[in-house]
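The structure appears below as structure tokens.
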Amino acid sequence: MAAFGAMGVREVRAGLAAKEFSAREVAEDALSRIKAVDPQIHAFLEVTEEAAYAQAAKVDEAIAAGRLAEMGPLAGVPVAFKDNMNMEGTHTTCSSRMLENYVSPYTATCVANTIAAGGIPLGKLNMDEFAFGSSTESSAFGITRNPWDLERVPGGSSGGSAAAVAAGLATITLGSDTGGSIRQPGSFCGIVAVKPTYGTVSRYGVVAFGSSLDQVGPFARSVEDAALALNALAGHDPLDCTSQDIRTDFTANLAEGAKGLKVGIVPAFMEAEGLDAEVRDKVAEAARQLEQLGAELVEVDLPNAQAAMSAYYVLGPCEAFSNLARFDSVRYGYCAEGHKDLGGQYEDSRATGFGPEARRRIMLGSYLLSAGVYEKYYYPAQQVRTLITQDYVRAYEKVDVILAPVSPRTAFKFGEISDPTTMYLSDMFTISINIAGNGGMNMPVGLGAESGMPVGVQLISPQFKDENMLRAAAALETVYGPAPVAPAFCPER
Ligand code: GLN
């Protein structure tokens with residue numbers, strides 16, 4: 001099997017250009033590999049065979065007409081989408097019983113842009129229910145396994161998106177990140193995973209969790225592939241007033257290296273309680289590598305970052321509570337039968353349609369926004385948000401990019417973390433970036449000395465300077481190499 005899902009963007013394009021294979025063959029092979037391999041991993045909730053072949057036919061037509069050069073940056077590349085992204089005619093379940101039978105009547109802008117760029121859509125990917133979680137264990141449709149060790153979680157909430165790329169089932173997938181849901185599964189599965197600056201990618205058609213925090217971004221096995229995906233994704237969308245008119249070529253400075261780059265290190269992050277030694281060692285090693293490549297390491301302080309977790313678990317549930325109000329069994333969502341009164345139907349539908357974590361967030365949000373409580377929590381959380389944002393602005397007066405851990409530890413075993421607050425700590429190093437709206441990404445830097453599982457470092461950019469973190473990541477890639485497909489799923493060439 002050729003395993004096109006295990007190829008990079010450049011490799012696919014070169015093969016298509018040289019007519020070594022057709023886009024139809026790419027689609028056929030990718031779909032049959034999903035059939036053969038995915039039952040072990042369960043990254044996919046739905047496979048979109050028809051859409052894949054239709055798109056492949058378009059790409060092949062363009063090639064036959066000598067127009068490959070005009071096709072977008074992802075021409076013929078196998079792609080797939082987190083199941084909170086609408087794609088017309090597919091189920092968009094958010095891994096919830098609430099939306100089990102919901103079929104998208106329209107397509108999210110991020111999905112449309114990926115397909116317009118030539119990507120071959122393979123399907124929809126598993127996630128934590130409504131993106132609440134860090135392990136994909138809260139999906140109503142079963143767990144996703146980590147391709148590096150099938151007994152371990154892939155991270156979450158975009159666990160399916162990360163596992164699909166790590167297993168070589170797709171070249172690019174999309175995820176969403178509200179507090180760490182792109183970067184943390186990226187680190188658990190050992191791949192490049194980018195949460196760009198808030199406003200870079202349109203959220204139109206992506207089922208909202210926390211509208212002021214949510215951002216869509218790509219998973220890939222190389223920095224260049226992620227940058228090419230960002231080129232396809234970024235830009236203003238009249239349907240999302242928070243999206244910005246971005247014309248950056250995210251690949252432009254990947255070859256510049258780290259020379260002269262000022263890299264911030266946050267001592268409080270490196271000394272944080274709960275950070276495993278094997279992760280700390282890898283972050284320190286990556287810092288030394290960047291220094292050897294000519295970067296200058298500078299210590300920076302983010303004095304209010306330790307309050308990010310508290311602010312997030314006020315703001316996140318408040319926004320989630322408001323956003324999830326639409327799933328009322330009338331306008332959207334599962335409807336419990338047999339009720340004569342609307343109140344009973346509403347209560348029963350929401351009690352059975354939502355899983356435990358979604359219910360927890362809704363209850364928390366409704367409490368926090370109630371009269372008398374709002375002033376005590378929501379308002380101060382917004383003030384903390386401003387302080388954290390200012391911390392980052394000050395730090396970036398001294399540095400171009402910040403280097404930090406992504407997750408305090410490598411991928412854990414199924415069931416190992418059952419207490420919600422311990423699970424919430426998975427995002428202790430990623431959440432402040434959503435609060436401030438900056439760009440953040442995971443860059444894989446090999447395996448942990450203790451666990452033997454992938455470890456990633458986080459690179460954090462000033463707002464709308466995502467090219468800085470991509471440049472630092474590309475420099476690290478010259479040392480650590482592009483991310484491999486997980487050994488057990490490495491196709492024979
Ligand atoms: N793990 C965090 C949460 O449960 C972040 C999730 C996300 O980024 N969608 O809220």
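Any read-out appearing in this document is the output of simple, stated calculations on the displayed coordinates, not a laboratory observation. Since the model is a prediction, treat every value here as computed from it, not as a measurement. Counting neighbours? That spans all protein chains shown, and the Cβs are built from the backbone with ideal geometry, glycine included.
Rounded to a whole number, what is D in µm²/s for region 380-493 from Stokes-Einstein with the Kirkwood radius over alpha-carbon pairs (20 °C, 1.002 mPa s)?
The Stokes-Einstein estimate is 134 µm²/s.
Of the listed peptides 362-369, 255-262, what is their order by residue-averaged count of other C-beta atoms within 10 Å, with the highest listed first?
Details: 362-369: 17.6, 255-262: 15.1.
The most tightly packed comes first, giving 362-369, 255-262.
Please sort by residue number the GluC sites (Glu not before Pro) in region 1-50 whose DSSP state is loop and whose Cβ has at most 15 other Cβ atoms within 10 Å. Provide the component values of the computation, followed by the final result.
Values: sites: 11, 20, 25, 28, 46, 49, 50; in loops: 20.
Counting only loop positions with at most 15 other Cβ atoms within 10 Å, the GluC sites (Glu not before Pro) in region 1-50 are 20.
What does the convex hull of the Cα atoms of the chain come to per residue, in Å³, rounded to a whole number? Provide the component values of the computation, followed by the final result.
Numbers: hull volume 66.6 nm³, N = 493.
Considering the Cα atoms of the chain, their hull volume per residue is 135 Å³.
By a straight-distance test (C-alpha under 13 Å), which aspartates and glutamates pair with residue 340 as possible cross-link partners, with residues fewer than eight away in the same chain excluded?
Residue 340 reaches 348.
Filter 262/465; 19/124; 58/82; 35/195; 35/413 down to the pairs with a C-alpha to C-alpha distance above 22 Å, please. Don't jump to the answer; show the numbers that get you there.
Details: 262/465 14 Å; 19/124 29 Å; 58/82 24 Å; 35/195 29 Å; 35/413 25 Å.
In this structure, 19/124; 58/82; 35/195; 35/413 exceed 22 Å between Cα atoms.
Per the helix-only calculation at 222 nm, which mean residue ellipticity applies to the chain, given -39500 (n - 2.57) for every DSSP H run of n ≥ 4 and division by its residues, nearest 500 deg cm²/dmol?
Values: 16 runs with 186 residues, N = 493.
One gets -11500 deg cm²/dmol as the mean residue ellipticity at 222 nm.
Starting from region 319-377, pick out the GluC sites (Glu not before Pro) whose DSSP state is loop and whose Cβ has at most 14 other Cβ atoms within 10 Å.
On the way: sites: 319, 337, 347, 357, 375; in loops: 337.
For GluC sites (Glu not before Pro) across region 319-377 that sit outside H, G, I, E and B with at most 14 neighbouring Cβ atoms in 10 Å, the list reads 337.
Is the shape of region 137-188 rounded, prolate or oblate, going by the alpha carbon gyration tensor and its root eigenvalues a ≥ b ≥ c, with a/c under 1.5 for rounded and a/b larger than b/c for prolate?
Details: a/c = 1.43, a/b = 1.05, b/c = 1.36.
Here region 137-188 falls in the rounded category.
With the cut-off at 1.5 for a/c, could you classify region 136-230 from its C-alpha gyration tensor as rounded, prolate or oblate?
Judged from the Cα gyration tensor, region 136-230 comes out oblate (a/c at least 1.5, b/c at or above a/b).
In whole angstrom, how far apart do the alpha carbon centroids of region 354-421 and region 164-235 sit?
Between the Cα centre of region 354-421 and that of region 164-235, the gap is 19 Å.
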